[in-house]
Amino acid sequence: MLTWVRITKYVHSCVRLEHEGGTLVIDPGVWSESEALAGADAVLVTHEHNDHVDLLRLRGLDVPVYAPKSARLPGLDFNGVVAGEEFTAAGFRVPPRGGRHARIYGDRPDCANLGYLVDDRLYHPGDSLHLPDRPVETLLVPLQGSWMKTDEAIDFVRAADPERAFGIHDGQVNERGLSSLNGWLTDECGGRYRWLAPGVSA
């Protein structure tokens, strides 16, 4: 297994993973900083919503993009993947998990959503709280969305039982709300939770 160099959080759900074998970026959406993609060797997209994928930016990027096979990503050339079928991206092993976006309301249509388990060490769930099927070192936990509640984020961390958890999916939360969310997860997740400001690495 290759040695990890660092994990860097960008705005909302965008995360950059670097190791000696390459650089992998997950969910660079329209709110994410352009520097997140600088020097990237591959990109993972959990689902088709634009807060997780900036189509215009990715169309001009000459790197492989991996996304759910049924994702609607007009004009983007991508590698379609499905849950349970492992692939390699930027030197990382990635077995996708899950399958569908969390329900937002009633019978409104959802879309394909995959969680990515990277090298059996880090898990990015996209817009769902589908649990990884094995212990993980690092869990990325959504903090806010039209499809979730704060107690669900706390339960997600407790159920996954990672060594550490970092907050994502926070791009629509103001400073007061973010302080409250971080306070709840810090208090209720046994000292494993930490929020990384955009551009900060761990």
Next item on the list: Determine which member of the set Leu58, Leu76, Leu24, Leu117 is in a strand (DSSP E or B) and touching a Leu at 6+ places or on another chain (Cβ under 7 Å).
Entry: Leu24
Note to self: Filter segment 36-55 down to the residues that are assigned to a loop (DSSP other than H, G, I, E, B) and either among the hydroxyl-bearing types (Ser, Thr, Tyr) or touching a Cys at 6+ places or on another chain (Cβ under 6 Å) (or both) and list them by number.
What the structure shows: Thr46, His47, Glu48
Note to self: Checking Gly126 against (1) in a strand (DSSP E or B); (2) on the phi > 0 side of the Ramachandran plot: exactly one of these is not met. Which one?
What the structure shows: (1)
Item checked: Among (1) in contact with a His (Cβ under 7 Å, 6 or more places away or on another chain); (2) assigned to a loop (DSSP other than H, G, I, E, B); (3) touching a residue at least 24 places away in the same chain (Cβ under 8 Å), the one test that Ser70 misses -> (1)
Margin query: Is it the case, given these coordinates, that Arg93 is touching a strand residue (DSSP E or B) at 6+ places or on another chain (Cβ under 8 Å), more than 23 Å from Asn50 (Cα to Cα) and open to solvent by 60 Å² or more (accessible area, probe 1.4 Å)?
Written below: yes
Margin query: For a quick check of your reading of the model, give me the residue pairs whose first member lies in segment 142-165 and is farther than 16 Å from Trp184 by Cα and charged (D, E, K, R), whose second is open to solvent by 20 Å² or more (accessible area, probe 1.4 Å) and modelled with pLDDT under 95, with beta-carbon atoms closer than 8 Å and at least 6 apart or on different chains.
Written below: Asp161/Pro135
Note to self: Which numbered condition in (1) out of contact with any helix residue (DSSP H, G or I) (no Cβ under 9 Å at 6 or more places or on another chain); (2) more than 28 Å from Met148 (Cα to Cα); (3) not aromatic (Phe, Trp, Tyr) is the only one that Cys111 fails?
What the structure shows: (2)
Note to self: Considering only segment 85-100, I want to know if a residue exists there that is polar (S, T, N, Q) and either in contact (Cβ under 8 Å) with a residue 12 or more places away in the chain or closer than 29 Å to Leu178 by Cβ (or both).
What the structure shows: no
Check: Which one is farthest from Val25 (Cα to Cα), of the residues in segment 48-79 that are in contact with a strand residue (DSSP E or B) (Cβ under 6 Å, 6 or more places away or on another chain) and either open to solvent by 50 Å² or more (accessible area, probe 1.4 Å) or of a type outside the set (A, V, I, L, M) (or both)?
Finding: Ser70
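The values are calculated or read from the model by the stated rules, or taken from the named source; none is laboratory data. Because the structure is a prediction, the values reported are computed rather than measured. Glycine gets a Cβ as well: all are built from the backbone with ideal geometry, and neighbour counts include every protein chain shown. What goes into the accessible areas is simple: the full protein's heavy atoms, side chains included, and nothing from ligands, DNA or RNA. Shrake-Rupley method; radii C 1.70, N 1.55, O 1.52, S 1.80 Å.
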